[in-house]
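Encoded as structure tokens, the structure appears first; notes follow it.
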């Protein structure tokens with residue numbers, strides 16, 4: 001069940017990518033059409049692309065089936081900010097659509113990012129420069145299933161990373 005929760009969190013992550021405000025949904029489960037529930041299931045199973053899934057979410061927002069309310073975050077000081085990146089099951093397979101979730105995580109300075117290996121094989125997190133070379137900013141040992149790795153990002157910027165065991169799997173942390 002934990003995997004399903006992380007897959008459904010792509011809805012929240014995609015909304016956060018739309019701007020610098022934090023949003024939350026006030027929709028009830030009864031107001032979500034069955035075709036959207038099926039679409040979420042198909043996305044979770046890897047049967048449809050992330051673009052197709054996000055288009056369905058966009059439809060819900062544009063047709064006021066999900067009511068988003070903006071919450072002002074300016075002036076709020078928070079310590080111990082954390083955010084996570086899921087390494088989903090099947091991520092090792094080059095033909096699989098199991099990318100990091102989210103692929104580009106946007107956070108504020110001071111946030112600790114936690115990578116969670118939910119795949120059936122080990123993965124690493126290796127920081128890269130603009131040319132794709134491994135650099136010493138944050139680098140993990142191989143993470144077995146269920147293990148985590150974390151790094152706190154204090155400086156603004158774009159941080160690229162990849163798995164040295166599966167180099168086709170790349171991700172980005174954007175600190176604003």
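Restricting region 136-149 to residues that are surrounded by 15 or more Cβ atoms within 10 Å (Cβ to Cβ) and in a strand (DSSP E or B) leaves a set whose member that is farthest from the chain's Cα centre (by Cα) is 137.
Here the condition is being touching a helix residue (DSSP H, G or I) at 6+ places or on another chain (Cβ under 6 Å), in a strand (DSSP E or B) and either surrounded by 15 or more Cβ atoms within 10 Å (Cβ to Cβ) or at pLDDT below 75 (or both); of 54, 86, it holds for 86 alone.
The values are calculated or read from the model by the stated rules, or taken from the named source; none is laboratory data. Being a predicted model, the structure only gives us computed values, none of them experimental. Quick reminder, even Gly has a Cβ in these numbers, built from the backbone with ideal geometry, and neighbours come from all protein chains shown.
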